[in-house]
């Protein structure tokens with residue numbers, strides 16, 4: 001399962017990569033400022049493989065698609081990108097599968113007993129989390145920041 005999932009993620013990563021190749025620099029500059037753009041470019045110039053593999057291993061809040069788009073903008077080789085994403089995702093999925101196999105059934109039992117013993121507290125906590133997430137989403141939508149435009153070169 002880990003091999004198939006990593007293979008699928010690596011194939012799927014080629015879409016934002018080729019979008020970056022086709023003109024993602026303007027899109028990237030709208031999402032991040034000039035300093036972060038320069039930092040990303042320098043990282044790719046020094047360590048292309050690790051610049052893609054490390055975000056691939058990270059948990060879902062990590063903006064992996066931004067790094068894949070940047071890899072296309074900075075003209076990383078497609079086979080290197082594929083291998084980096086495959087290695088990172090395979091490592092991530094292998095760790096998650098191992099944790100699930102070892103601890104999954106016991107965690108389900110513990111959560112089930114907590115829900116049965118304290119349903120009001122669980123529902124109240126879930127409600128508070130939903131409200132906090134909604135507030136965060138609304139704040140993000142209302143305060144979108146634009147990146148710094150590229151300077152005109154002479």
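The values are calculated or read from the model by the stated rules, or taken from the named source; none is laboratory data. Every value quoted in this text rests on a predicted model; they were computed, and no experiment measured them. Here the Cβ positions follow ideal geometry from the backbone for every residue, glycine too, while neighbour counts run over all protein chains shown.
Values for this structure:
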| item | result |
| --- | --- |
| Test set (1) over 19 Å from residue 15 (Cβ atoms); (2) part of a helix (DSSP H, G or I) - residue 81 fails condition number | (1) |
| Hey, residue 76 surrounded by 13 or more Cβ atoms within 10 Å (Cβ to Cβ) and within 27 Å of residue 26 (Cβ to Cβ) or not | yes |
| Any hit, region 18-41, residues being buried (at least 19 other Cβ atoms within 10 Å of the Cβ), more than 29 Å from residue 143 (Cα to Cα) and touching a residue at least 12 places away in the same chain (Cβ under 8 Å) | no |
| Qualifying residue in region 87-95 (condition: surrounded by fewer than 15 Cβ atoms within 10 Å (Cβ to Cβ) and at positive phi) | no |
| Boolean, residue 81 is within 20 Å of the chain's Cα centre (by Cα), under 30 Å from residue 29 (Cβ atoms) and touching a residue at least 60 places away in the same chain (Cβ under 8 Å) | yes |
| Tally, over region 44-58, of residues that are in a loop (DSSP other than H, G, I, E, B) and either more than 14 Å from residue 9 (Cα to Cα) or in contact with a strand residue (DSSP E or B) (Cβ under 8 Å, 6 or more places away or on another chain) (or both) | 1 |
| Qualifying helices (runs of 4 or more DSSP H) (wholly inside region 1-43; at least 3 residues being modelled with pLDDT of 85 or more) | 2-12, 14-21 |
| Residue within region 125-143 that is surrounded by fewer than 11 Cβ atoms within 10 Å (Cβ to Cβ) and not in a helix (DSSP H, G or I) present | yes |
| Any chance residue 112 is part of a helix (DSSP H, G or I), exposed (fewer than 11 other Cβ atoms within 10 Å of the Cβ) and free of Cβ contacts under 8 Å to residues at least 40 places away in the same chain | yes |
